[in-house]
Amino acid sequence: MWSKVFESESAIWRYRFGKCYDIAPGRPSRELKIEYQIRAIVLSSPIQFKGEEDDRQYLWMEVMQTMLEESLSLSIAPGATSKTLKCIHETLRGVDFLSEFQKERTCAQLFYGLQLCLSSFALDPTITEPCRRTDYDIKQVYSYAEKVGKAFIDHEKLDLAKLLNLRNFWQRHLLNASEFTYQESFSGLPAELKPKARKDFPTEVFKLSPSWLGYYSCMHPLSDLLKTNERQTCADLETHGDGLDVMTLDLQPSDQFWPKQCRKIIPLASSPDTKRAYFDGKQRAYGGPYEAGNPVFGFTEDIAIPHGGFGGWSRICFVIVEADEEEEVNLPSLVMEGQGWIHGYEAIIIPSGSMMLGRWMDMKEPEARGPFIFWDV
């Protein structure tokens, strides 16, 4: 009797799995049994990520990878909560994965890929801690002394470790009040405007969201980064502020506009098979009075190659141009001729489609640069 109830094809495994996780249509009970048992053993076992990477850590990451991919691909009823995402949330609450880093240790690519794909959780102070300054290389965060003209986001050799440096910078400055930079602004956001793990509908994952919130950081002079225990951003200055940016994009098919002066600093991907889509839009300050906004134009490129154990990465490049208050100009080709500032942005969009991490540059003075983060709202 016992063997019949708990055999591989028994419905009890579907019931047990369904109590804890979302179930993909068509999955047989035999698969659910194996997956349920693996998760029950791995996720209930104590684990730490302070030391060198070992087989136990890698198995834990593989289980989390499967769960994350599962949660991003399944539809959830409006107003409902993904069971799998809830389990990921509870698991991360009891593990130091998102707050323990050792810059000098050798990590599997899955470590970097999973870290980046869990970035929304890393920015949730209820389940993680701010990063330490030693958890990232500040010179790499600002691309210090790097030459322009080469893609920051390389389709073929996507540098996930470099991108994790950016994420860790934001994990410190958005969560740590002692930095006196972005924490007050970020913590004051209502829950619905905070970064989230997935879009409401999985069919939207591979589509560019029309609305984004985020921050960018600058440092003047950039050479101050060479000093130890000094400031890491100008956001601690009252004259600079820690303003939250709003970006609204028009996702209707747009002209293939990426002028020569942009290509010299932020080049297009070289492969003729690259799938690219162009867009334009407006950027405004969050919470301020209504304003026409600064013109935005750019493109996205699908990255066909999986990286860090995950597929679905995208490269996004765009330019924000200071608006001319006296004369409204809609054509990007004319906007580029203005006298105001012109900032170029290049970033990775993580596989959930809900966050971008990358670098901005002054297109007129490329030595002025820094990290930025935007998330889908």
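Read-outs throughout are calculated quantities, based only on the coordinates presented, and are distinct from any laboratory measurement. Because the structure is predicted, anything quoted here is derived from the model rather than measured. Cβ: placed from backbone, ideal geometry, glycine included. Neighbour counts: every protein chain shown.
Here are some notes:
- Residue-count net charge about Lys275 - beta-carbon cut-off 10 Å; Lys, Arg +1, Asp, Glu -1: -2
- For the peptides 296-309, 40-53, the ranking by packing is 296-309, 40-53, with the highest mean count of neighbouring Cβ atoms within 10 Å listed first.
- Each of the peptides 176-185, 117-126 was scored by the mean count of other Cβ atoms within 10 Å over its residues; in descending order, highest first, they stand as 117-126, 176-185.
- Residue order, fewest to most beta carbons within 10 Å, for Lys150, Lys260, Lys207: Lys260, Lys150, Lys207
- Burial order of peptide ranges 73-82, 92-101 (average beta-carbon count within 10 Å, highest first): 92-101, 73-82
- Greater than 19 Å apart at Cα, pairs in Lys150/Lys260; Lys260/Lys364; Lys83/Lys196; Lys86/Lys194: none
- Amide H within-cut-off set for Asp324, under 5 Å, with H built and near neighbours excluded: Val329
- Computed from backbone phi with θ = phi - 60° and the Karplus coefficients 6.51, -1.76 and 1.60, the 3J(HN,Hα) list for region 59-72 is 4, 4, 5, 5, 5, 5, 4, 4, 5, 5, 4, 4, 5, 7 Hz; x is used for glycine and proline.
- Matching label, Rg/Rh (Cα atoms, Kirkwood Rh) computed from the structure shown, candidates (1) 0.99; (2) 1.09; (3) 0.95: (1)
- Electrostatic bookkeeping for Pro195 treats Lys and Arg as +1 and Asp and Glu as -1; over the other residues with beta carbon under 13 Å from its beta carbon, the sum is +2.
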